[in-house]
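The values are calculated or read from the model by the stated rules, or taken from the named source; none is laboratory data. Everything quoted here is computed from the prediction, not taken from an experiment. Here the Cβ positions follow ideal geometry from the backbone for every residue, glycine too, while neighbour counts run over all protein chains shown. The protein model used for the area step is the full one, side chains on, heavy atoms only, and it has no ligands, DNA or RNA in it. Shrake-Rupley method; radii C 1.70, N 1.55, O 1.52, S 1.80 Å.
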Amino acid sequence: MADFQTSTHRSKWIFTLDDLIERRSFANDSAVKMLEQYGTTRVDVNVDGSLSYPEPIFDLNSTAEQNTIIKPLSCEEEEYMRIFYEQKIQEVCKAFQFPNKIQATSLIYFKRFYLQWSVMQHHPKNIMLTCIYASCKIEENHVSAEELGKGIKQDHKPILNNEMLVLQSLGFDLIVYAPYRSISGFIQYLEESGEIRNGELEHLQNLHETAIQEANKIMLTDAPLLYAPGQLALASLRRSNEVHHVIDFERYLDTVLSRQNSPYSASELLDLLRSIDYLVDKLKVPTIDDMKPIDRKLRMCLDPSSQDESKRREKKSKKSRRMA
C-alpha cells in the first residue's frame with residue numbers, strides 16, 4: 001500500500017496557514033473581479049465538463065446600480081459557507097452509512113477544491129455531492145449518481161457534470177490519507193502492549209469511539225490541510241483521553257516517538273497537538289439561520305435575476321398588506 005510520506009498528499013496538499021489565507025483570498029478576489037466585470041460570479045459547467053464564463057458587460061452605466069446592490073461574499077462568509085456544507089457532507093455520509101474513510105476523502109476533496117475556486121463561482125451544494133460521488137468511486141464503494149441524488153432528493157445531473165471539474169481542480173491527486181486508520185492502529189497497540197488490563201478493555205473501546213468523534217470535529221477545521229493524518233489521529237486520541245483518562249498520554253507519546261523515526265521531540269509534538277486543539281475549539285458550525293443572509297448574497301452573485309424576483313415578491317407582499 002502507498003505510504004503517506006511519499007504521497008502527493010504530503011508533497012502537494014499540506015500547507016502553512018499563510019498559504020491557505022493567500023489561496024482563499026486569491027479565489028475570493030477572482031470572484032469579486034468577475035462580479036465587477038460580468039455582473040455575476042457564476043461559472044457554468046457544460047455537459048462535457050467544459051466551463052462557460054459569462055459575457056463581459058459593455059454598457060457599464062446601465063448595470064452600475066445593479067452592481068452596487070449585489071455585494072460579494074467576504075472571505076469570512078465564504079468560510080462559513082464551506083464549514084456549513086462540510087457538515088452536510090458528514091450528514092449525507094452518515095445517512096448512507098458510508099465508512100469514515102469515504103467521509104474523510106469527501107471532505108478533503110471539498111477543502112482542496114475551494115483552494116482553487118470561490119463558493120461564489122461554484123455552489124457548494126453541487127460540489128459537495130460530486131466530492132462524495134468521487135470518493136465512493138476511489139474507495140471502491142460504488143454508488144451511482146442517481147442513487148446519491150435520489151437519496152437526498154437532489155437532481156443527479158450536476159453530480160456528473162461537475163465530476164471532471166472537481167478531478168481537474170484536485171490535480172487528479174485522488175489518494176488521500178485520513179486519521180481513522182491511524183487511530184485504530186494506536187488503539188490496537190494499546191491492546192497488544194499489555195498496558196491495558198482485560199478489565200479495562202471496555203474503557204479502551206470508549207476511548208476509541210470518542211477519538212472517532214473527535215476526529216470528525218477535526219475534519220471540519222483546516223487541520224487536514226495543515227497536518228499529517230497521524231498527527232490528527234494523535235490529537236483525536238489525546239482529546240478523547242481527556243474525557244476518559246484511560247492512559248498516561250505523555251508517557252504513551254514517548255512510546256510512540258521511540259517506535260517511529262519522528263523529527264519531533266515529545267514537547268514539540270505536544271505543542272503541535274495543542275495547535276490542532278485550538279482549531280477545534282474555535283470552530284463554529286453555522287446554523288441554518290446564520291446561513292440565510294449569506295445564502296441570499298450567494299444566490300444574487302450566482303444569479304442576479306434572483307434579485308429582481310425577490311423585489312417582485314416583496315412588492316407583491318406590500319400590496320397584499322395594503323389591501324388587507
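Do we find a residue being touching a residue at least 40 places away in the same chain (Cβ under 8 Å), of a type outside the set (Asp, Glu), open to solvent by 40 Å² or more (accessible area, probe 1.4 Å) and farther than 30 Å from Ile276 by Cβ anywhere in the range 33-45? Yes, the range 33-45 contains a residue that is touching a residue at least 40 places away in the same chain (Cβ under 8 Å), of a type outside the set (Asp, Glu), open to solvent by 40 Å² or more (accessible area, probe 1.4 Å) and farther than 30 Å from Ile276 by Cβ. From the list Ser267, Ser262, the lone residue that is under 25 Å from Leu226 (Cβ atoms), of a type in the set (Ser, Thr, Tyr) and assigned to a loop (DSSP other than H, G, I, E, B) is Ser262.
For Phe26, the conditions (1) at pLDDT 95 or above; (2) not in a helix (DSSP H, G or I) all hold with the exception of (2).
On inspection, Val43 passes the criterion of being touching a His at 6+ places or on another chain (Cβ under 8 Å) and of a type in the set (A, V, I, L, M, F, W, C). Within the range 224-250, being farther than 11 Å from Pro179 by Cα and aliphatic (A, V, I, L, M) holds for Leu225, Leu226, Val243, Val246, Ile247. Look at Leu204 and say whether it is in contact with a helix residue (DSSP H, G or I) (Cβ under 9 Å, 6 or more places away or on another chain) and farther than 30 Å from Tyr114 by Cβ. Criteria met by Leu204. Taking the range 151-162 as the search range and keeping residues that are closer than 19 Å to Val43 by Cα and in a helix (DSSP H, G or I), which one is nearest to the chain's Cα centre (by Cα)? Of everything passing the filter in the range 151-162, Ile159 is nearest to the chain's Cα centre (by Cα). The single condition among (1) among the polar types (S, T, N, Q); (2) open to solvent by less than 40 Å² (accessible area, probe 1.4 Å); (3) assigned to a helix (DSSP H, G or I) that Thr221 does not meet is (3).
Residue under question is Leu148, and the condition is that it be under 21 Å from Pro224 (Cβ atoms) and in a helix (DSSP H, G or I); does it hold? Criteria not met by Leu148. Please go through the range 46-58 and give me each residue that is assigned to a loop (DSSP other than H, G, I, E, B) and either open to solvent by 40 Å² or more (accessible area, probe 1.4 Å) or touching a strand residue (DSSP E or B) at 6+ places or on another chain (Cβ under 7 Å) (or both), ordered by number. Residues satisfying the conditions are Asn46, Val47, Asp48, Ser50, Tyr53, Glu55, Pro56, Phe58.
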